[in-house]
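Trainee: First, the structure itself, so that you have it in front of you.
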Amino acid sequence: MDIQFAEPFWLIAGMITCVLAALFIRANILRRKESLQNFASSKLIDELTRNVSFSRRRIKNILLILAIAFLFVGLARPQYGNRWVEIRRKGIDILIGVDVSKSMLVQDISPNRLERAKLAIKDFVSKLEGDRVGLLPFAGTAFLMCPLTTDYDAFIRSLDAMDINTIPKGGTNIGKAILEAEKTLANEANHKIFVLVTDGEDLSEAALSAARKAKENGMTIYTIGVGTPEGELIPAPGTQAKEFIKNRAGEFVTSRLDEKTLTKIADITGGLYAPLGNMGQGFDAIYQQKLSLVPKEEHAQRKRKVPIEQFPWPLGVAALLLASDFLITGRKNRWSLRLPFIKTAARRKKQMTGTLTILLLAFAWTTSVRASEGEQLFAAGEYAQADTFYRNSLKKSPDDPVLHFNLGDTAYRTGKYEQAIAEFNQALKTKDLTLQAKSYFNRGNAQFFQGKAVQKTDPENTVQLWQQALNSFQAVLQLTPDDTKAAHNLDIVKNKLEKLKKQQKKKEQKQKKNKKNSQQKQGQKKKQNSQKKNKDQNKQNEKNKPGQPENSSDKNPDNTKQQNPAKPAPGRQQQDKTNGGKKPQPGNEKDKRPVDQIKKQEAQRRLQGKMTKQEAKNLLNSLKNEEKELNFLPRDINQDADGAQDW
């Protein structure tokens, strides 16, 4: 097994330092030699330096350079061998159901509904730490493609392999998906959470009844709508959107997002509905508002291979070399050592300097190791353990701004933006201007994303948070005017804030206009009702006048030309001249209304299901064939045998 270095750049720094140290020692030797030559003659110099051992001094210089080299080797953190560590994590279980029906190919969001949903799920999973996730694709039926796991790489591979051909049976059967999710989560002791990602089309009461049953079994469903309410045509698979799906009647099929029913499903189980959005904001909204509040359960993860740190060995060698350099004398009369009890002023000064140097190096390395442990967990994506490490460190040093900054950065990576903002505020108490600038920068990012998470549900709070983010980025530019990243973020937040304010202003104006129109309509309606009431009252008064004739044909009772008909003889009936002397029959009288009006009124009665007995009889006779049997229409040809659509 080969030796590896966690921070190999210290090796390069060590090589450069050793070369510079050697050059410095060589230059110092030459300078001293030149000074002696200027001070005395060559014979006198030999006499003065006869007890000096140049070979021992050379050995001492070599020991010093080697000690420096081993110090840098220790800083590079050599690692040899591995050990298995069982890591226990806390998290929740999230089963994600994804609609893979043909309607998910609609391109009302780019590139299409299914691909956009997969990208959003990847972004969501990349932010999880310790939570188990599972994948359940569904269309006309459903099955578990990836069980609940903390192996996010395996989950992503399953997600990439999922497409509209994953489920052979077409259609959208959300009720079946809910039932399959119940079976998957039935044996789990953790909270039962099912995130449903679909366009919500072709839903029926079966989905709502399945949601009610899931609620009884303790499962919570969160729905994420993919697509737009306006919708678009469904592209035929494999045609690169050049052809579109038609129903059995030859009509193009338009798929639309059904937000109303998805909201009902979420409300039944106590969940939440959110639209996916162009950047996957739906997942962030659900996690921040609901899932982050769910108590996390502890569960074991598979063992992880951790490299064994070997830095104590090079540090020990460096300490031994420094001690040897200090103890070995530079005289050639005998091999003597600098014993601690033999103290001159110069030796005492050198001894104290060497001891202090070793102590400072040990303290600096201890601090570096403590910091590197948290940084190592953070770099490995173990944000939960890094959070625990920094919190324990803060108990010992509660006012350490660096620890507050690192804890805030960990909270930011896990999506806990409010906690991150609080920690960055604590880090701002430092006098280090560089750390202040970094704290302002990260605080601005946390404020922006916290506002973005509630943009749909609480836009007023988003405006306040984005304004605070602007102030944070402006503070960065005041400390470091050349920070291009802060200037870039400042422009982005400013543009989004202005756009949101305009939208809010338009919304308020529209609400005021609608309120005003509503008030005007109510006033007009009241006025019309009042006029109608007065008109009806006048008609009623005219009808109830005394002496008013009931028959309009009796308006001229004093007409002399009108003759009273003769009283018919007993046992005989009076003949009607207009009816050929026959007795008038019900329904045989001639209707004096226009033909168009009669037909219009008959059509209206038929639409309302109100027909006379004669009209119903005529309609049935028209439906009979020559053999006096009724012809009925066949079943709807646009449906399959089980009544389900194929999209």
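The values are calculated or read from the model by the stated rules, or taken from the named source; none is laboratory data. As the structure is a prediction and not an experimental result, all values here were calculated from the model. So basically every Cβ, Gly included, is an ideal-geometry build from the backbone, and we count neighbours across all protein chains shown.
Trainee: Condition (residue is small (G, A, S) and more than 25 Å from I245 (Cβ to Cβ)) applied to the stretch 111-128: is it met by at least one residue?
Mentor: There is at least one residue in the stretch 111-128 that is small (G, A, S) and more than 25 Å from I245 (Cβ to Cβ).
Trainee: Output the residues belonging to the stretch 379-415 that are outside any helix (DSSP H, G or I) and of a type in the set (A, V, I, L, M).
Mentor: A380
Trainee: Another one. Conditions first: (1) within 17 Å of L196 (Cα to Cα); (2) under 19 Å from the mean Cα position of the chain (by Cα). A142 passes all but one, so which condition is the exception?
Mentor: Going through the list (1) within 17 Å of L196 (Cα to Cα); (2) under 19 Å from the mean Cα position of the chain (by Cα), A142 breaks only (2).
Trainee: Within the stretch 1-14, take every residue that is among the aliphatic types (A, V, I, L, M) and in contact (Cβ under 8 Å) with a residue 12 or more places away in the chain and give me the one that is nearest to L315 (Cα to Cα).
Mentor: L11
Trainee: Quick one: in the stretch 60-90, which of the residues that are closer than 24 Å to V133 by Cβ and touching a helix residue (DSSP H, G or I) at 6+ places or on another chain (Cβ under 8 Å) is surrounded by the fewest Cβ atoms within 10 Å (Cβ to Cβ)?
Mentor: Among those residues, the one meeting the criterion is K90.
Trainee: Next up: Within the stretch 416-433, track down each residue that is free of Cβ contacts under 8 Å to residues at least 40 places away in the same chain, surrounded by fewer than 18 Cβ atoms within 10 Å (Cβ to Cβ) and assigned to a helix (DSSP H, G or I).
Mentor: Across the stretch 416-433, the qualifying residues are E418, Q419, A422, N425.
Trainee: Inside the stretch 11-25, can you point out the residues that are among the aliphatic types (A, V, I, L, M) and either in contact with a strand residue (DSSP E or B) (Cβ under 8 Å, 6 or more places away or on another chain) or surrounded by 15 or more Cβ atoms within 10 Å (Cβ to Cβ) (or both)?
Mentor: Those that are among the aliphatic types (A, V, I, L, M) and either in contact with a strand residue (DSSP E or B) (Cβ under 8 Å, 6 or more places away or on another chain) or surrounded by 15 or more Cβ atoms within 10 Å (Cβ to Cβ) (or both): L11, A21, A22, I25.
Trainee: Looking for something at pLDDT below 90, buried (at least 16 other Cβ atoms within 10 Å of the Cβ) and hydroxyl-bearing (S, T, Y) - is there at least one such residue anywhere in the stretch 195-205?
Mentor: no
Trainee: Let me ask you something else. Hey, among the residues in the stretch 171-186 that are touching a residue at least 40 places away in the same chain (Cβ under 8 Å) and not in a helix (DSSP H, G or I), which one's farthest from the chain's Cα centre (by Cα)?
Mentor: Initial filter on the stretch 171-186 (touching a residue at least 40 places away in the same chain (Cβ under 8 Å)): 171-174, 177-178, 180-181, 184-185.
In the following step, the residues that additionally are not in a helix (DSSP H, G or I) were identified as 171-173.
On the way: G171: 27, T172: 24, N173: 25 Å.
Among those that are touching a residue at least 40 places away in the same chain (Cβ under 8 Å) and not in a helix (DSSP H, G or I), it is G171.
Trainee: Tell me, which residue of the stretch 277-305 that is among the aliphatic types (A, V, I, L, M) and surrounded by 15 or more Cβ atoms within 10 Å (Cβ to Cβ) is modelled with the lowest pLDDT?
Mentor: This residue is V294.
Trainee: Quick check: anything in the stretch 192-200 over 21 Å from V226 (Cα atoms) and touching a residue at least 40 places away in the same chain (Cβ under 8 Å)?
Mentor: yes
Trainee: Evaluate the following for P168: is it in the same structural domain as F283 (by TED's automatic domain parsing), part of a strand (DSSP E or B) and farther than 22 Å from A274 by Cβ? It would help to see each step written out before you state the result.
Mentor: On the way: in the same structural domain as F283 (by TED's automatic domain parsing): yes; part of a strand (DSSP E or B): no; farther than 22 Å from A274 by Cβ: yes.
Criteria not met by P168.
Trainee: For the stretch 120-144, give me each residue that is of a type in the set (A, V, I, L, M, F, W, C) and surrounded by fewer than 20 Cβ atoms within 10 Å (Cβ to Cβ).
Mentor: Across the stretch 120-144, the qualifying residues are V125, F143, L144.
Trainee: Output the number of residues of the stretch 115-156 satisfying the condition of being of a type in the set (A, V, I, L, M), part of a strand (DSSP E or B) and out of contact with any Pro (no Cβ under 9 Å at 6 or more places or on another chain).
Mentor: Pass one, the stretch 115-156, residues of a type in the set (A, V, I, L, M): 117, 119-121, 125, 128, 133, 135-136, 139, 142, 144-145, 148, 154, 156.
Filter once more, keeping what is part of a strand (DSSP E or B): 133, 135-136, 142, 148.
Checking the rest, the ones that are also out of contact with any Pro (no Cβ under 9 Å at 6 or more places or on another chain) come to 133, 136, 142, 148.
Going through the stretch 115-156 one residue at a time, the tally reaches 4.
Trainee: Next up: If you check T329 against the conditions, is it in the same structural domain as R77 (by TED's automatic domain parsing), in contact with a strand residue (DSSP E or B) (Cβ under 9 Å, 6 or more places away or on another chain) and at pLDDT 55 or above?
Mentor: Taking the combined requirement at face value, the residue satisfies it.
Trainee: Also, I was wondering about something else. Report the residue count in the stretch 396-416 for those that are in contact with a helix residue (DSSP H, G or I) (Cβ under 6 Å, 6 or more places away or on another chain) and within 17 Å of A437 (Cα to Cα).
Mentor: Number of matching residues: 8.
Trainee: Can you work out which of the residues in the stretch 445-491 that are part of a helix (DSSP H, G or I) and among the basic types (K, R) is nearest to the chain's Cα centre (by Cα)?
Mentor: My answer is K452.
Trainee: Also: Quick check, is V106 surrounded by 18 or more Cβ atoms within 10 Å (Cβ to Cβ), under 25 Å from T269 (Cβ atoms) and of a type in the set (A, V, I, L, M, F, W, C)?
Mentor: So V106 does not fit the description; no.
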